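All remarks here apply to the structure that follows.
The values are calculated or read from the model by the stated rules, or taken from the named source; none is laboratory data. Values in this document were obtained by computation on a predicted structure and should not be read as measured data. Here Cβ is always computed from backbone atoms with ideal geometry, including for glycine, and neighbour counts include all displayed protein chains.
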Amino acid sequence: MFECRIYKPTKTAMQAGRANTKKWVLEFEPNEANQIDPLMGWVGCNNTNTQVKLYFNTKEEAINFANKKGLSHQVYNPKKRVIKSKSYSANFDYRFRFQ
């Protein structure tokens with residue numbers, strides 16, 4: 001089992017731009033189940049590593065950090081972005097609507 005994962009975040013559905021997708025993220029994987037507080041009903045955990053996200057400029061920096069700290073890691077490479085070029089009038093053309 002891996003202790004942490006290294007990935008490049010994707011654009012969320014609520015974003016128009018790609019501002020938060022430039023850096024690589026090292027994130028620890030949870031190693032225990034969440035516990036429910038019986039009084040308040042809040043979900044919590046004793047492991048604070050799940051709250052930590054480290055940002056790096058390059059994938060190599062993140063991998064070097066994980067190796068230096070002795071963390072086993074798994075790298076998730078981003079998929080290529082495919083851009084279909086079309087004219088503005090194609091937005092209103094019936095033939096291009098469902099592609």
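Tabulated results
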item: Subset tally (residues that are surrounded by 11 or more Cβ atoms within 10 Å (Cβ to Cβ) and more than 21 Å from residue 72 (Cβ to Cβ)) for segment 47-60; result: 0
item: Residues being surrounded by 10 or more Cβ atoms within 10 Å (Cβ to Cβ), modelled with pLDDT of 80 or more and more than 14 Å from the chain's Cα centre (by Cα) - total across segment 63-99; result: 9
item: Residues located in segment 1-10, provided they are among the aromatic types (Phe, Trp, Tyr) and surrounded by 14 or more Cβ atoms within 10 Å (Cβ to Cβ); result: 7
item: Filtered residues of segment 11-46 (kept if surrounded by 13 or more Cβ atoms within 10 Å (Cβ to Cβ) and either out of contact with any strand residue (DSSP E or B) (no Cβ under 7 Å at 6 or more places or on another chain) or closer than 21 Å to residue 81 by Cβ (or both)); result: 11, 20, 21, 23, 24, 25
item: Where a residue in segment 35-49 is closer than 26 Å to residue 4 by Cα and its partner, wherever it lies, is part of a strand (DSSP E or B) and at pLDDT 90 or above, with Cβ under 9 Å and at least six apart; result: 42/36; 43/36; 44/36; 47/28; 49/4; 49/28
item: Selection from segment 73-89 of residues that are farther than 20 Å from residue 23 by Cα and in contact (Cβ under 8 Å) with a residue 12 or more places away in the chain; result: 84
item: Contacts under 6 angstrom Cβ, first residue in segment 52-68 being of a type in the set (A, V, I, L, M, F, W, C), partner in a helix (DSSP H, G or I), 6 or more apart; result: 56/62
